[in-house]
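Here is the structure we will look at, set down as structure tokens.
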Amino acid sequence: AAVPAAAQCPGDLTGNGQVDGSDFGALLSAWGTSGGEFGADVNGDGSVDGADLGVILSVWGPCAPVVSSITPSIGPTFGGTPVTISGNYFPGTTSVTIGGVAATGIQIVNATTISAITPAGATGSAAVSVTANGRTGTLAGGYTYSSISSVVPSFGAAQGGGTVTITGAFLQNTTAVWFGSAPAQSFTQISPTVVSAVTPPGAVGTSVDVRLQTPAGLLVASGAFSYLAIVTPSWATLLDAVPDPAVVTDPALRAAITATGLAWRVKDTATQIEFVLIPPGSFQMGCSASQQYGCYSDESPVHTVTLTNAFYMGRYEVTQAQWQARMGSNPSYFQSASTQVPAAQVPNRPVERVSWNTIQGFLTQTGMRLPTEAEWEYAYRAGTTTAFHGFTGYLSGTNDDTLLGNIAWYGSCCGGNSGVQTRPVGGKLGNGYGLHDMSGNVYEWVNDWDSVYAAGAQVDPSGPATGSGRVARGGGWFIGSDGCRASNRGSAHPDTTLNYGGFRAARTP
């Protein structure tokens with residue numbers, strides 16, 4: 001490859017690859033001029049004089065190598081990539097280093113070309129140096145080491161079908177992805193540093209390498225993915241075996257879900273209602289005041305509740321379409337299109353004007369149930385302790401009532417956004433478990449009879465055996481922000497039907 005004149009050996013006026021007597025003669029023949037045909041003004045000061053002679057004497061001997069490029073210029077961190085180095089003055093080469101580490105397999109092809117095998121190196125750019133005849137030439141940042149930095153999640157179901165995100169340096173133009181020796185079911189280039197892939201089936205209890213074929217070479221993350229025995233309930237169709245980190249952002253919640261051995265996201269096969277898994281755990285149940293509203297007396301005392309069993313919670317409130325498909329009729333008040341809700345979306349509004357007692361028929365037919373009040377609040381909070389659950393930008397939750405519109409359709413009477421109507425489910429940001437509309441839209445019946453809280457710690461509480469009213473949670477389209485708080489409690493006679501009263505189904509695995 002041609003080397004720019006500026007990069008040639010200083011003092012090699014005759015171009016024979018070394019500074020010697022022929023260059024000294026050329027210098028003398030141009031002495032006192034501006035440089036002459038040989039470019040004898042070595043130091044560039046406009047005249048050929050003693051300063052130029054000093055330069056020639058200082059570099060007397062073979063020219064230092066000049067490194068102009070390396071091809072390919074990107075490779076994996078574990079090395080082993082054949083490369084071609086172009087430049088000049090390579091005869092007599094004794095070593096090639098990349099990032100200060102010696103390359104192997106060095107062959108001098110000709111005066112301007114060397115081939116070599118890259119050593120292992122750290123992710124990022126590295127200098128390429130060639131040493132010949134005791135002199136060294138270097139191309140700063142000439143080579144880049146690429147690698148896989150993370151595979152998330154790092155585990156999945158043995159049956160495959162899970163989506164993982166592979167992140168690393170210089171993953172652009174990935175052409176293949178493998179998990180062990182099995183190719184990914186599919187993969188997508190998200191960005192130059194991110195590739196998503198759908199896992200193939202694997203053996204339970206094994207950890208496999210994740211490998212990407214890229215222009216940089218074959219990148220390997222050793223033992224980066226493990227196959228687990230994830231169980232999908234008999235009534236369900238699998239959607240995602242393990243939690244999506246983009247939805248369940250808290251690593252502790254993801255670990256708790258995976259530890260159950262149950263699939264994270266499924267659909268009830270018969271009704272197509274979507275559920276997500278809520279793992280067992282403990283939390284503080286009761287009063288969570290917001291900036292604008294304190295707690296009511298029935299939200300105290302705050303007490304420790306432990307839920308010992310995982311359960312499935314409907315990701316959305318049960319819709320009008322889902323109710324009508326099973327029950328044959330639609331009792332809802334909001335059955336018409338509006339400026340905000342086009343006709344095609346009306347079936348996705350939550351069903352309302354369903355009493356607690358009427359809901360039992362739906363539950364009996366589908367094998368579902370209502371969550372207990374404790375399960376509902378635990379699922380709402382998703383590890384937070386604030387008045388309103390977490391969401392994008394506020395993952396730890398918030399007490400700020402003015403932010404409620406990010407997660408809820410709530411009362412227009414009270415600074416809300418509902419437009420005095422229900423809205424299609426899932427239109428607002430979900431919580432840490434991936435549940436939507438836990439605040440607002442419609443109040444959600446839960447299983448418990450209404451009662452005062454006990455002061456002591458409780459395990460799997462289900463409320464009293466009898467009572468006059470059943471509990472409803474979460475607020476609704478005409479309720480202010482106080483009713484949408486995590487700890488707020490409502491109740492009504494189980495025969496009550498209201499156009500702001502609906503429900504969210506739960507299922508036992």
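Some observations on this one:
- With a Förster radius of 60 Å applied to the C-beta separation of THR249 and ASN43, the computed FRET efficiency comes to 0.45.
- Nitroxide proxy distance, nm - points 7 Å out along Cα→Cβ at VAL109 and THR508: 7.2
- For the chain: span of alpha carbons on each principal axis (Å, largest first): 114, 50, 49
- Per-peptide packing, taken as the mean over residues of other Cβ atoms within 10 Å, places 112-118, 28-34 in the sequence 112-118, 28-34 from highest down.
- Helices that extend 30 Å or more along their long axis by alpha-carbon positions and average at least -0.5 on the Kyte-Doolittle scale are absent among the DSSP H runs of the chain.
- Sequence ranges 78-86, 436-444, 183-191, ranked by mean other-Cβ count within 10 angstrom, highest first: 436-444, 78-86, 183-191
- ILE190 versus VAL101: modelled label distance in nm, points set 7 Å from Cα along the beta carbon direction: 2.8
- Rg/Rh, computed from the Cα trace of segment 112-240 with Rh as the Kirkwood radius, has the value 1.15.
- Förster radius 30 Å - calculated FRET efficiency between ASP400 and SER154 (Cβ-Cβ, nearest 0.05): 0.30
- Rounded to two decimals, the Cα radius of gyration of segment 400-509 over 2.2 N^0.38 Å is 1.11.
- Added length on full extension, which subtracts the Cα-Cα distance from 0.36 nm per residue, SER338 to ALA321: 4.4 nm
- Annotation: for a label point projected 7 angstrom from Cα along Cα→Cβ of GLN213, residues of segment 174-196 with backbone N closer than 13 Å are 174-179, 182-184.
- On the beta carbon distance between THR123 and VAL452, with R0 = 60 Å, the FRET formula returns roughly 0.50.
- Where only C-alpha atoms are counted, convex hull volume of segment 198-240 per residue in Å³: 82
- Normalising the average separation of contacting C-alpha pairs (under 8 angstrom, six or more residues apart) by the number of residues puts the relative contact order of segment 200-251 at 29 percent.
- Taking 19 Å as the cut-off, the amide N atoms of segment 148-172 that come nearer than this to a point 7 Å along the Cα-to-beta-carbon line of ALA182 belong to 151-166.
- For ASP240, the shell of other residues with beta-carbons less than 13 Å away shows a net charge of +2, using +1 for Lys and Arg and -1 for Asp and Glu.
- Positive-pole candidate from ALA229, PHE283, LEU212, dipole of segment 199-351, charges at beta carbon: LEU212
Computed from the coordinates by the stated procedures, all read-outs in this text should not be read as laboratory data. Since this is a predicted model, take the numbers as computed values, not measurements. Ideal geometry is used to build each Cβ from the backbone, glycine not excepted, and the neighbour counts take in all protein chains shown.
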